[in-house]
Structures are given as structure tokens and as C-alpha cells.
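Derivation of every value follows stated rules applied to the coordinates shown; laboratory data play no part. Bear in mind the structure is a predicted one, so any value in this text is a computation, not a measurement. Note that we place each Cβ from the backbone using ideal geometry, even for glycine, and neighbour counts take in every protein chain shown.
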Amino acid sequence: MNNGNRPTFRDIALCLVFFTRLPLPVFDFRDRKLADAIWAAPLAGLAVAGIGALTYAIAVWLGLAAGPAAALALAAMVLATGALHEDGLSDVADGFGGGRDRERKLEIMRDSRIGAYGAAALALSLLMRWNALAEIHGGWSVLAALVAAHGASRGLLGVFMHGLPPARSDGLSAGAGSVSRQTAMAGAALGALALLPLGLDGFVSAAILLALVFVAFAALCRRQIGGQTGDTAGALQQLAEIVVLLTASVPLS
């Protein structure tokens, strides 16, 4: 591999290591930070989508109905990511829902314990994703939906980290470094490409909804905590994944 390709390979490996719990070899990332590699986050999403689609296909081949097959696929993907984004969603729900001011919200988000808001958010996220997958019949259709959902949702992360300042001086987001505009746009472009398997109507519908969710959630984060954290990035991924899966589950003419 020539020198020009090595940063690209390291960025993809870094995103796979960070965003999944797959058994990977030890890589030398040298001075590359997550902010440098975040453009490759959609590619890590494709790996997660492949695991979910394969699990679904095996379950259906064994004779399971769409509901149980979707549940197993969802479980496999949660295991593959170590519930990384689910953890962020629950922390944000607890912090934004239970904190009286910015400092208290950030304190609650850092607490490893889960509260009522976080539990409710997790339950709703799992329920909506499971229900959407169960409504998408056919292995190839499920693969297309998962590729779109996991690729596009992670394509927003670089733009989110570029557009909003870190809400605290320490933590995952601050330690990840500053995301450049070029890196953010590269990730967004890969995320947009991941929507193509949904077809033209699905692509347009999902893209519009993702833009609306992104703008609304970014504004909420600014209002609640003055910026973004690793938890808010995880919550954004969950919201975007839900939006794409719901779009994919609706028959479009």
C-alpha cells in the first residue's frame, strides 16, 4: 500500500475500532484523531448493517417470521456496536429531561446511571426500529434499509461536530479534536450515497427528514448545553437511524 493510501486505511480502521466492537487486529493510528477519521464513520455503519442483514437472512432461512428475525437483527447490531449510540441517547434524554440548567444537564449526562427519561428513550428507540424492520419484507430490502440507515446516520456526525462547539472542555468530543469542513463534507457525501439503495423517492424523503432532524436537534443542543458532546452525537445517530428505517418501511409510489 502506498503512502497516499495509508491515512485512508487508518481512518477506516480507526472508525471500525471506535464505532464497533468487532474483533480487529491492533492498528498503529499514529497521530490520527477521531476528528480526522470521522469521514469514514459511514463505512463503519456499513459493517454494522451487514451484520444485521446477515442475521436477519439466517433467521428467515431458519423459518422465523419477520418480527423475530428483525428482533435478532437489531440485537446483533446493538452487540456489534456495544450499544455505543444507545448509551448516548439515554444519557441525553436523562440530561435534557432532568437537568435544571446547563451544568446540571452535563452532570447528569456524565452519570452512568440511567433514569426514567433515558429508559423511556431507549425503549422507544428499540421499539420503533424493530417495528420498522419487521415491516420491511425480503432480505434484500432489509439490507438496503440497514445500509441506508447506518450509513446516512453516521454521515451526519462529522457535520454535527464541525458545526457545534464542544459543550465541555474535557470528554470524548473535546478529545476527538476539531473536524474540518472538508472532512465533514466527505462524511456527509458518503452518508448520502448510502441512501441510494432506497430508490429515488426514498432517497429524497429520507434526505429531507434527516435535514429537518439535524437542524432541530442541533438547535436543541445549542439551547440545552451550548454545544455538542459524544452523547449528543450518539443521540443524533439514533434519531437519524430511526428516521431512515421508518422511511424505508413506508411503501412509496
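Near the amide H of Gln228, within less than 5 Å, lie the amide hydrogens of Ala167, all on another chain or at least 5 residues away, with H placed in the peptide plane. Which helices of the chain meet both criteria: a Cα extent of 15 Å or more along the helical axis and a mean Kyte-Doolittle score no lower than 0.0, with helices taken as whole DSSP H segments? Going by DSSP H runs, the hits are 6-19, 41-61, 66-81, 116-135, 139-163, 181-194, 199-225, 230-249. Comparing mean-square fluctuations of Ala119, Ala206, Ala188 from a GNM of the chain with C-alpha springs under 10 Å, the top value falls on Ala119. Once C-alpha pairs closer than 8 Å and six or more residues apart are averaged by separation and normalised to the residue number of the range 165-234, the relative contact order reads 55 percent. For the range 148-253, the share of alpha carbon pairs falling in successive 10 Å distance bins from zero is 16, 47, 28, 8, 1 percent. Summarising the label geometry, the points placed 7 Å from Cα in the beta-carbon direction at Val204 and Asp111 lie 4.7 nm from one another.
Excluding the sites themselves, what is the longest stretch of the chain that contains no trypsin sites (Lys or Arg not before Pro) in a DSSP loop with at most 10 other C-beta atoms within 10 Å? Kindly include the intermediate steps, with their values, before the conclusion.
Working: sites that count: Arg30, Arg100, Arg113.
With a cap of 10 other Cβ atoms within 10 Å, the longest stretch comes to 114-253.
Within the range 36-67, which residues have the backbone N less than 19 Å from the label spot 7 Å out from Thr8 along Cα→beta-carbon, could you tell me? Inside the label zone: 36-47. With only Cα atoms counted, the chain has Rg and Dmax values of 17.7, 53 Å.
Spin-label model, Leu62 to Ala119: label points 7 Å out along the Cα-to-beta-carbon direction sit 3.0 nm apart.
Measuring nothing but how far apart in sequence close Cα pairs (under 8 Å, 6+ apart) lie, relative to its length, the range 1-65 scores a relative contact order of 35 percent.
If you take the Cα centroid of the range 129-160 and the Cα centroid of the range 52-116, the two points sit 14 Å apart.
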